[in-house]
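The values are calculated or read from the model by the stated rules, or taken from the named source; none is laboratory data. Only a predicted model underlies this, so the values are computations on that prediction, with no experimental measurement involved. Cβ: placed from backbone, ideal geometry, glycine included. Neighbour counts: every protein chain shown. Remember, those area values only see protein heavy atoms, side chains included, never the ligands or the DNA or RNA. Shrake-Rupley method; radii C 1.70, N 1.55, O 1.52, S 1.80 Å.
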Amino acid sequence: MRRTAQVVVDLDALRHNLARARDAAGKARVMAVVKADAYGHGLAEAARALADADALAVACVGEAAALREAGWEGRIVVLEGVADAAGLREAAALEADLVVHAPEQLALLEGAGSRRPLDVWVKLDTGMHRLGFPPEAAAGLAARLAGLAAVGTVRWMTHLACADDRRDGATARQLARFAAALEGIPGERSAANSGGLLGWPEAALDWARPGIMLYGASPFTGATGETEGLRPAMRFETRLIAVTRRRRGDALGYGGAWVCPEDMPVGVAAAGYGDGYPRHAPSGTPVLVRGRRAALVGRVSMDMILVDLRGVPDARPGDPVTLWGPGLPVEAVAAAAGTIPYELLCAVSGRVPRRVVERPHAVQEAGRR
Ligand SMILES: *Cc1c(COP(=O)(O)O)cnc(C)c1O
């Protein structure tokens with residue numbers, strides 16, 4: 001038996017969101033970020049929907065290889081670069097661009113001799129304090145890279161630490177530091193993730209690097225993608241597999257963690273932390289039953305959650321349950337569970353079948369069957 005829980009990926013929503021990113025990017029090119037299996041949407045399918053992007057970005061060489069296997073012939077940027085000579089050889093064979101963020105990676109390129117040259121993106125640390133060279137090293141790096149047979153075109157990037165908050169002054173300071181470090185140094189520049197792109201139009205520079213917005217979620221804390229003109233690309237759905245009437249005082253599920261305040265109907269939906277639903281989602285976390293709002297109650301189990309059906313008294317076993325997706329923003333579930341949409345989208349587990357549709361009305365038809 002197939003798992004009742006499934007993920008439906010709407011390729012049309014991905015295309016719509018990429019168009020929205022392009023719109024925000026103006027003349028800048030768009031590198032669509034598809035690391036972590038396209039934020040849980042499926043790398044090959046996402047690459048197909050995002051064919052209009054100027055490049056795709058992944059975290060590691062293994063993901064770049066998967067993209068080539070999926071038939072992507074365009075530019076690939078490996079955001080963490082490589083850690084050893086074998087990685088460098090593989091990147092060269094895949095014709096993937098490498099981010100260079102550390103002296104060890106520079107040494108690898110220097111030791112590589114003349115092979116098919118790779119384009120590199122030198123990462124400067126303008127305030128994120130995770131990866132990257134100090135900004136004042138830029139001129140020296142440019143000189144060293146210019147002489148290397150293993151290196152083709154050199155581009156520059158930095159990453160924004162606080163672009164999820166439009167009022168945070170750190171983003172403007174990072175952008176200023178980046179511009180100052182590269183004054184007079186040639187090469188295209190890239191700084192903006194989704195938050196940077198939507199919140200600071202001047203951050204688009206030559207290449208924008210949107211990720212989360214392509215999947216329809218807002219990069220901003222406390223907002224939803226809809227406000228930004230985005231459409232959710234993932235519906236995480238399942239069905240009720242039981243509906244029971246409980247008595248006032250009945251304690252539900254593991255630990256008896258939720259006690260019925262009155263006689264009431266309770267549903268069991270077939271999805272749990274084994275499917276990637278967050279185990280720490282508390283009672284009150286919203287779900288949709290047959291399109292109507294209901295609330296999770298009690299502890300999340302591995303394969304099931306319990307649902308307060310007082311608001312949907314006519315619910316029956318077999319009724320569709322939306323865990324997040326159109327009608328229930330993943331941002332709302334993330335906020336209830338004390339996490340961010342990124343984590344929820346990436347966490348949907350491998351046992352959950354993924355169905356890909358070209359258009360949302362195709363989903364509705366399938367749901368009606
Ligand atoms: C993940 C990532 C992005 C995309 O970030 P979003 O917040 O998802 O838009 C951009 N640049 C780098 C270097 C990243 O690691």
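Quick notes
- Some residue of the range 230-250 being among the polar types (S, T, N, Q), touching a Ser or Thr at 6+ places or on another chain (Cβ under 9 Å) and away from the ligand (no atom under 16 Å from the Cβ): yes
- Residues of the range 152-163 classified as in contact with a Leu (Cβ under 7 Å, 6 or more places away or on another chain) and either part of a helix (DSSP H, G or I) or within 12 Å of the ligand (Cβ to nearest atom) (or both), total: 1
- Test result for E136, open to solvent by 30 Å² or more (accessible area, probe 1.4 Å) and more than 14 Å from the ligand (Cβ to nearest atom): yes
- Residue among A149, A192 that is part of a loop (DSSP other than H, G, I, E, B) and within 16 Å of the ligand (Cβ to nearest atom): A192
- Evaluated against (1) within 15 Å of the ligand (Cβ to nearest atom); (2) surrounded by fewer than 16 Cβ atoms within 10 Å (Cβ to Cβ), V122 falls short on exactly one condition, (2).
- Members of the range 164-188 found to be in contact with a strand residue (DSSP E or B) (Cβ under 9 Å, 6 or more places away or on another chain), of a type outside the set (A, V, I, L, M), outside any loop (DSSP other than H, G, I, E, B) and open to solvent by less than 50 Å² (accessible area, probe 1.4 Å), listed by number: F178
- Looking across the range 201-215, the residues that are away from the ligand (no atom under 12 Å from the Cβ) and either open to solvent by 10 Å² or more (accessible area, probe 1.4 Å) or at positive phi (or both) come down to P201, E202, L205, D206.
- Residue in the range 28-40 that is of a type in the set (S, T, Y) and touching a Leu at 6+ places or on another chain (Cβ under 6 Å) present: yes
- Subset of the range 274-318 [assigned to a strand (DSSP E or B), over 15 Å from F236 (Cα atoms) and among the β-branched types (V, I, T)]: V297, V307
- In the set (1) more than 23 Å from T227 (Cα to Cα); (2) open to solvent by 50 Å² or more (accessible area, probe 1.4 Å), the condition left unmet by V352 is number (2).
- For first residues located in the range 79-98 and of a type in the set (G, A, S), partners that are open to solvent by 70 Å² or more (accessible area, probe 1.4 Å) and lie 6+ apart or on another chain with Cβ distances below 7 Å form the pairs A92/R115; A92/R116.
- Condition met for V300 (in contact with a strand residue (DSSP E or B) (Cβ under 6 Å, 6 or more places away or on another chain) and either among the β-branched types (V, I, T) or crowded, with 21+ Cβ neighbours inside 10 Å (or both)): no
- P278 being touching a residue at least 60 places away in the same chain (Cβ under 8 Å) and assigned by TED's automatic domain parsing to the domain that holds V330: yes
- Of the helices (runs of 4 or more DSSP H) lying entirely inside the range 1-91, those carrying at least 1 residues that are within 23 Å of W121 (Cβ to Cβ) and open to solvent by 50 Å² or more (accessible area, probe 1.4 Å) are 11-25, 35-40, 61-69.
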